[in-house]
Amino acid sequence: MKSRSSTLDARRAFRMRKKATHEHFVEIEDVSCQVIYSQFGLAIHQNDHQARRRFVEWAQKEIAVVPDFHKRILFSDEAHFKLNGYVNKQNCRIWSEANPQVYVETPLHPEKLTVWSALWAVGIIGPYFFKNDEGHIVTVNGDRYRAMITNFFIPELNNHDVQELWFQQNGATCHTARATIDL
């Protein structure tokens, strides 16, 4: 294990070399540094553990009564796709011996398409593209989400022999609105 002073010396050498060469690319292995990426996650609160335990106990009871219970859960979500080809820089890495000095301009609010899909043991329902009657891309709101459920999702479910189903959604406002829950 390196001492604290040798680690600090390596950091100083890294900064000094970068300043001296006026380059953005530095051979990191020469100074024994590592690239570190942050990981983000939801904060876990004190009541979360109890809520998770209650859920597991409930799910175990359901599975005891209905052994194929897990096959009756339908997971759904939306995703946004940027139409200008933008790729999230957090998911894109370029390894090179020289810095390619790539600069990519992106608009402040690029046009995006929202796509909904659902996954369950039987297969996939979707994708559903949120567009208006003229075919133009629209954002998702409560009315459009309920229209998708009524005009697309339920008719798709009717193509399957479904007696009982648990429909999972996240906590987005259009999912939790009273009018949506009452469908």
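The values are calculated or read from the model by the stated rules, or taken from the named source; none is laboratory data. Computed from a predicted structure; not experimentally measured. Positions of Cβ are generated from backbone atoms using ideal geometry, with glycine treated the same way; all protein chains shown enter the neighbour counts.
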Take the conditions in a loop (DSSP other than H, G, I, E, B) and touching a residue at least 40 places away in the same chain (Cβ under 8 Å) and apply them to ASN170. Does it pass? yes
Somewhere in the range 152-163, is a residue exposed (fewer than 13 other Cβ atoms within 10 Å of the Cβ), of a type outside the set (D, E, K, R), more than 18 Å from the chain's Cα centre (by Cα) and under 20 Å from ALA177 (Cβ atoms)? yes
Go through HIS70, HIS109, HIS80 for me and flag whichever is in a helix (DSSP H, G or I), at negative phi and either touching a helix residue (DSSP H, G or I) at 6+ places or on another chain (Cβ under 8 Å) or free of Cβ contacts under 8 Å to residues at least 40 places away in the same chain (or both). HIS70
From (1) surrounded by 11 or more Cβ atoms within 10 Å (Cβ to Cβ); (2) closer than 15 Å to HIS175 by Cβ; (3) of a type outside the set (Asp, Glu), pick out the condition that doesn't hold for ILE125. (2)
When the residues of the range 121-176 are narrowed to those that are at pLDDT 90 or above and among the small types (Gly, Ala, Ser), which ends up farthest from ALA79 (Cα to Cα)? ALA121
Exactly one of these conditions fails for LYS82: (1) under 22 Å from LEU183 (Cα atoms); (2) at pLDDT below 90; (3) of a type in the set (Lys, Arg). Give me its number. (1)
